[in-house]
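Undergrad: This is the structure I have questions about; it appears just below.
The values are calculated or read from the model by the stated rules, or taken from the named source; none is laboratory data. Given the structure is predicted, the values throughout are model-derived calculations rather than measurements. Virtual Cβ from ideal backbone geometry, glycine too; neighbours counted across all protein chains shown.
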Amino acid sequence: MSLPDKIGSQLTLPVLCSPMFIISNPKMVIEQCKAGVIGSFPALNARPAEKLDEWLTEIEEALAAYKADNPDAKVAPYAVNQIAHATNDRLEHDMQVCVEHKVPIIITSLQANPMIVEAAHSYGGLVFHDVTNIRHAKKALSMGVDGLILVTAGAGGHAGTLSPFALLAEIRSFFDGPIILGGAITKGHHVLAATVMGADMAYMGTRFIATEEANAEQAYKDMILMSSASDIIYTNLFTGVHGNYLRGSIEKVGLDPEDLPVSDKSKMKFGSAGGSKPKAWKDIWGAGQGVGGITELVPVAKAVTQLRDEYETARQQISKY
């Protein structure tokens, strides 16, 4: 395992819970970390910008109190996602706040940013960058990121098209540092499979939408439980970047999922103004192709317990061979 011991030793399961726009909030992050998996949220979820300091303080105080009451428990670190894009006018402010709080892990998206790497490294923080192809992986590594998050085919939200087998194997041929693998991972045996393939952790988002703590409409959570892989639509219409979305939410706003126009990257807009079209974020719901494996709405703690049980069962099964 190429994870630094300061992270690996605090995990009960090798999972990084992906930051989800709107969905991820302090309550969910706290419960994820208490359960021994890395919780994360996009900095842009804290609105207005001044709220970010409050969120980080809330998370840190809650985890510190839990550690004090449970000295033998493994409590995972948390992560903050930064959108490194020209339209994110909050990036400098948000990174300054993260430096002040010494956020353990920074997840960067869209572009690897040397400023973020330098800022995080100034206090011993780590930077993991999400990528969908080899070119972006090599570029991110050249800028000094500590690890890579591989967002492969079937992942929720902005996802790539490469098979996890292909992307992971090729990146492992030139990078022996931390790799987190994402793409339709919803079960504990999927987590084990990711590590057997050579990843250090699994990247899971969709599974945690169907939890009590997630900041999602009940209709969204219900749709997660009722959907299957065939209900996932891959399109760039809503943000300018290709991603996976629930068919039902697209139909709900009067669009034909089978006849969506093509968009372009000029539609992307982040920062104080948020998405270029608020309805695209609010009413179009992201999910990965693994959605069919999610059948019940549970608290985060129970979801992680189920994942651990599945992981251990799978580990015992393969040890027989």
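Undergrad: Can you work out which of the residues in segment 152-169 that are surrounded by 13 or more Cβ atoms within 10 Å (Cβ to Cβ) and more than 15 Å from the chain's Cα centre (by Cα) is nearest to ALA199 (Cα to Cα)?
TA: Checking each candidate, the answer is LEU168.
Undergrad: Please indicate, with yes or no, whether at least one residue in segment 269-286 is at pLDDT below 95, surrounded by 13 or more Cβ atoms within 10 Å (Cβ to Cβ), under 19 Å from the mean Cα position of the chain (by Cα) and more than 18 Å from GLU217 (Cβ to Cβ).
TA: Within segment 269-286 (the criterion being at pLDDT below 95, surrounded by 13 or more Cβ atoms within 10 Å (Cβ to Cβ), under 19 Å from the mean Cα position of the chain (by Cα) and more than 18 Å from GLU217 (Cβ to Cβ)), the answer is yes, since at least one residue qualifies.
Table: residues versus (1) modelled with pLDDT of 95 or more; (2) in the same structural domain as THR206 (by TED's automatic domain parsing); (3) in contact with a Phe, Trp or Tyr (Cβ under 7 Å, 6 or more places away or on another chain); (4) surrounded by 15 or more Cβ atoms within 10 Å (Cβ to Cβ).
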position	(1), (2), (3), (4)
GLN10	yes, yes, no, yes
ASN25	yes, yes, yes, yes
GLN32	yes, yes, no, yes
SER40	yes, yes, yes, yes
GLU54	yes, yes, no, no
THR57	yes, yes, no, no
ALA68	yes, yes, no, no
PRO71	yes, yes, no, no
VAL80	yes, yes, yes, yes
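Undergrad: Quick check on VAL262: is it in a helix (DSSP H, G or I) and either at pLDDT below 95 or touching a helix residue (DSSP H, G or I) at 6+ places or on another chain (Cβ under 7 Å) (or both)?
TA: Judged against the criteria, VAL262 is not a match.
Undergrad: Still on this model: Anything in segment 50-81 that is closer than 20 Å to LEU126 by Cα and part of a loop (DSSP other than H, G, I, E, B)? List them, or say none.
TA: LYS74, VAL75, ALA76, PRO77
Undergrad: Kindly provide the set of residues from segment 82-97 that are part of a helix (DSSP H, G or I) and modelled with pLDDT under 95, ordered by number.
TA: none
Undergrad: Against the condition at pLDDT below 95 and either within 15 Å of ALA155 (Cβ to Cβ) or among the polar types (S, T, N, Q) (or both), how does THR211 come out, does it pass?
TA: no
Undergrad: Output the residue which, of all residues in segment 1-49 that are of a type in the set (S, T, N, Q) and in a helix (DSSP H, G or I), is nearest to ALA202 (Cα to Cα).
TA: Only one residue tops the list, namely GLN32.
Undergrad: I need the full set of residues from segment 130-151 which are closer than 23 Å to VAL75 by Cα and crowded, with 24+ Cβ neighbours inside 10 Å, in order please.
TA: GLY147, LEU148, ILE149
Undergrad: On to the next question. Checking SER122 against (1) under 21 Å from the mean Cα position of the chain (by Cα); (2) farther than 26 Å from VAL304 by Cα, which test does it fail?
TA: It is condition (1) that SER122 fails.
Undergrad: Output yes when any residue across segment 34-49 is out of contact with any Ser or Thr (no Cβ under 9 Å at 6 or more places or on another chain) and basic (Lys, Arg), and no when none is.
TA: Yes; the residues of segment 34-49 include at least one that is out of contact with any Ser or Thr (no Cβ under 9 Å at 6 or more places or on another chain) and basic (Lys, Arg).
Undergrad: Among the strands (runs of 3 or more DSSP E) contained in segment 140-238, which hold 3 or more residues that are closer than 24 Å to LEU13 by Cβ, in contact (Cβ under 8 Å) with a residue 24 or more places away in the chain and among the charged types (D, E, K, R)?
TA: none
Undergrad: Which residue out of LYS252, LYS302 is basic (Lys, Arg), in the same structural domain as ALA76 (by TED's automatic domain parsing) and at pLDDT 90 or above?
TA: LYS302
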